[in-house]
Amino acid sequence: MEEPKKTALVQKDGVSISEITNKKSIESLKKKRKSEINPNVLITSILNKDITALSRAITLIESKNSKHLKTANTILKSCLPHANKSIRIGITGVPGVGKSTFIEAFGKYLTQLGKRVAVLAIDPSSSLTKGSILGDKTRMESLVRDENAYIRPSASGNSLGGVARKTRETITLCEAAGFDVIIVETVGVGQSETTVHSMVDFFLLLKLAGAGDELQGIKRGIIEMADTIAINKADGDNLKSAKLAKTEFARALNLYPKKSSNWQPKVTICSATENTGIDKIWNFISDYVKTTTKNDYFNLKRKEQNKYWLLQTIESQLKFDFFNQPKIKKELKNQLKLIENNETTPFAAADYLLKLKS
């Protein structure tokens, strides 16, 4: 009697070894294909409004891996001719003002108007652990399920200005993917976050009534840059104080000189939880775009922003190249140790390292 073949008899947990090997090979092939980046495929997919491709491209843009830089620049260069067709809105305010709740209500209002909305939500990073919660998708439960909305949370990292390191480039990718409105939510950590003003068309400042900062409108800084101030949480018992705060801010804004855009900043009240005043804010934004497009300030501002970001990009790249040189990394540790032991000064150490590079 002929013995049965033994090729499939060796088993592990009821599965043949050959089957296990085949599964591992398939998974390995899938991982390899996933790791391979074809910029042309990503570009085509982004232009076809593929959200998955957009997310992957943004990850490349944000990557600190030098190998990804060339691919990221290729994607950006190809997407640029398809960008610059959206309205870019910066939204800021102190923590607790209700930025995420407002953005969700505002975003839903816009998608109901037929707009495609991209939200670039910046979460503050810990200065100790460098970690970030990135919880905006959790906070905006309704908007995240909207097929006409896209939420991309990013960590602010060490970037000043309350925006992530690559927010400017991410805006370009989102515009190429066909989004009509780009909302940049900033950290809300103080006046240093005015960097966002250099990458958006319209700057919305959210405020709270009764927080003791109504008269801050007299001070120069972030309020001076606002195109509209919205007193949020204007509902219930807060409604009366919100109306009073609106009056105070309106008076304060009248103290400022006329803007070169010929736009008079507005003050309004709203409630994100009750969806009141949201439409008025969008009307202000629409009026602003009409006014500044007509007097050509809109295009002029974008051109100036592009020049600014050219200089910022050069500065960032020079800094990256400098600190990633092996000899600089080594000598930097030595100089830091010398400073710690009071054997040199920060200025002498810096001069030494800069001359070492050259």
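What FRET efficiency comes out for LEU332 versus LYS307 if R0 is 35 angstrom and r is the Cβ-Cβ distance? Round to the nearest 0.05. Numbers along the way, then the final one.
Values: r = 32 Å, r/R0 = 0.91.
Efficiency, rounded to the nearest 0.05: 0.65.
Starting from the alpha-carbon convex hull of the range 235-287, give the projected area averaged over all orientations, in nm². Walk me through the numbers before you get to the answer.
Details: hull surface 16.4 nm².
One quarter of the hull surface, i.e. the mean projection, equals 4.1 nm².
Would you calculate the volume per residue, in Å³, of the smallest convex hull containing every Cα atom of the range 306-357?
Details: hull volume 4.0 nm³, N = 52.
With only Cα atoms used, the range 306-357 gives 78 Å³ per residue.
Report the FRET efficiency, 1/(1 + (r/R0)^6), for ASN262 and LYS49, where r is their Cβ-Cβ distance and R0 is 35 Å, rounded to 0.05.
Numbers: r = 35 Å, r/R0 = 1.01.
Approximately 0.50, to the nearest 0.05.
Please list, ordered by chain and number, the residues whose modelled amide H lies under 5 Å from the amide H of ILE183; skip anything fewer than 5 residues away on the same chain.
Placed amide hydrogens put ILE89, ALA118, VAL119, LEU120 under 5 Å from ILE183.
State, to one decimal in nm, how far the label point of LEU354 lies from the label point of LYS77, with both points 7 Å from Cα in the Cβ direction.
Using points 7 Å along Cα→Cβ, the separation is 3.2 nm.
Just so you know, all these numbers are worked out from the coordinates, no wet-lab data involved. Predicted, not measured: the structure shown is a model, and the values here were computed from it. Backbone-built Cβ (ideal geometry, glycine too); neighbour counts: all protein chains shown.
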